[in-house]
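Student: Please find one structure pasted underneath; my questions will follow.
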Amino acid sequence: MAEEEAKVMAVEEANKGLDYIPEVILKKRKNRDELAFIRKKQLELGNFGKKKKKVADIKRPEDFVLEFRAKEIDLIRMKQRVKRPRATPQPAKSNLVFIIRIQGKNDMHPKTKKVLNSMQLRSTFTGVFAKATDGLFQKLLKVQPYVTYGYPNGKSVKDLIFKKGYTIIEGNPVPLTDNNIIEQALGEHGIFCIEDIVNEIARVGDHFREVMRFLGPVKLNKPEAGVLHGKKQVFSDGGDTGNREDKINDLIIKMN
């Protein structure tokens, strides 16, 4: 009898399952663990004399996981955009394209960043002129969630170069206020002044590449609220990115 009673008690204990823990207690435990992790990091930074960081700047383990996943998704989507049948670039409506980087880099894969850097778009709200080619549009497909572009008119080219044009001399940006600088760098190509630079860019002349090597990427102003909505959908679908065609001139006015 004693053995039978023991077996019955063992079965009853097994059927009870895990004890119920209220959700409030679970949340408190999670907050306590996170606080302990942050406190540990603060003590480590303080002990080794490193620059103090704010609590908000300290990444939790789950933050690294989410960031890694976002970057992997960015790479997968980049490959998918290039492979899609509709990804074949449409015939360009102009030989000149102006590209603006409008998104940041938190969820950007290193390969995406490398493509942006190859176009001199290393920071948000910078812009560059480029010659319309199939190779360029393939690059733009790869980085489409981070850029918008279109076909600038002559007025936009002139306004951008006169207001924000500069070159790099000994590592420092130098505004194009002295035509002697232009003549020394581009005089052998028949370009002697800022008006010649504007003309060469606007018509995508024979020495367009040399001019673009001479110029630094255009640093645009951050647009006012409501101009960009932070949407990574293409412009034709109500988003901010992708080809705006002639509408790029409206955005240039608001950011120049």
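The values are calculated or read from the model by the stated rules, or taken from the named source; none is laboratory data. The structure displayed is predicted, hence computed values, not measured ones. Here Cβ is always computed from backbone atoms with ideal geometry, including for glycine, and neighbour counts include all displayed protein chains. For accessibility, only protein heavy atoms count, side chains too; no ligands or nucleic acids. Shrake-Rupley method; radii C 1.70, N 1.55, O 1.52, S 1.80 Å.
Student: Which members of the stretch 150-187 meet the condition of being open to solvent by 40 Å² or more (accessible area, probe 1.4 Å), in contact with a helix residue (DSSP H, G or I) (Cβ under 6 Å, 6 or more places away or on another chain) and hydrophobic (A, V, I, L, M, F, W, C)?
Tutor: Ala185
For (1) hydroxyl-bearing (Ser, Thr, Tyr); (2) at pLDDT 95 or above; (3) not assigned by the TED database to the domain that holds Thr148, each residue gets a yes or a no:
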{"position": "Asn179", "(1), (2), (3)": "no, no, yes"}
{"position": "Gln184", "(1), (2), (3)": "no, no, yes"}
{"position": "Glu195", "(1), (2), (3)": "no, yes, yes"}
{"position": "Glu200", "(1), (2), (3)": "no, yes, yes"}
{"position": "Glu210", "(1), (2), (3)": "no, yes, yes"}
{"position": "Ala225", "(1), (2), (3)": "no, no, no"}
{"position": "Val234", "(1), (2), (3)": "no, no, no"}
{"position": "Asp240", "(1), (2), (3)": "no, no, no"}
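Student: Would you tally the residues in the stretch 189-218 being touching a Ser or Thr at 6+ places or on another chain (Cβ under 6 Å) and under 18 Å from Tyr151 (Cα atoms)?
Tutor: Final tally of qualifying residues: 1.
Student: Restrict the check to the stretch 204-218 and report whether at least one residue is in contact with a strand residue (DSSP E or B) (Cβ under 7 Å, 6 or more places away or on another chain), of a type in the set (Val, Ile, Thr) and in contact (Cβ under 8 Å) with a residue 12 or more places away in the chain.
Tutor: yes
Student: Quick one: Lys131 ticks every box in (1) in contact with a helix residue (DSSP H, G or I) (Cβ under 8 Å, 6 or more places away or on another chain); (2) within 18 Å of Asn95 (Cα to Cα); (3) buried (at least 17 other Cβ atoms within 10 Å of the Cβ) except a single one, so which number is it?
Tutor: Here Lys131 meets the rest and fails (3).
Student: Return the residues of the stretch 223-245 that are part of a loop (DSSP other than H, G, I, E, B) and over 17 Å from Leu140 (Cα atoms); say none if nothing qualifies.
Tutor: Pro223, Glu224, Gly226, Val227, His229, Gly230, Gly238
Student: Using the structure shown, decide if Lys113 is charged (D, E, K, R) and at pLDDT 90 or above.
Tutor: no
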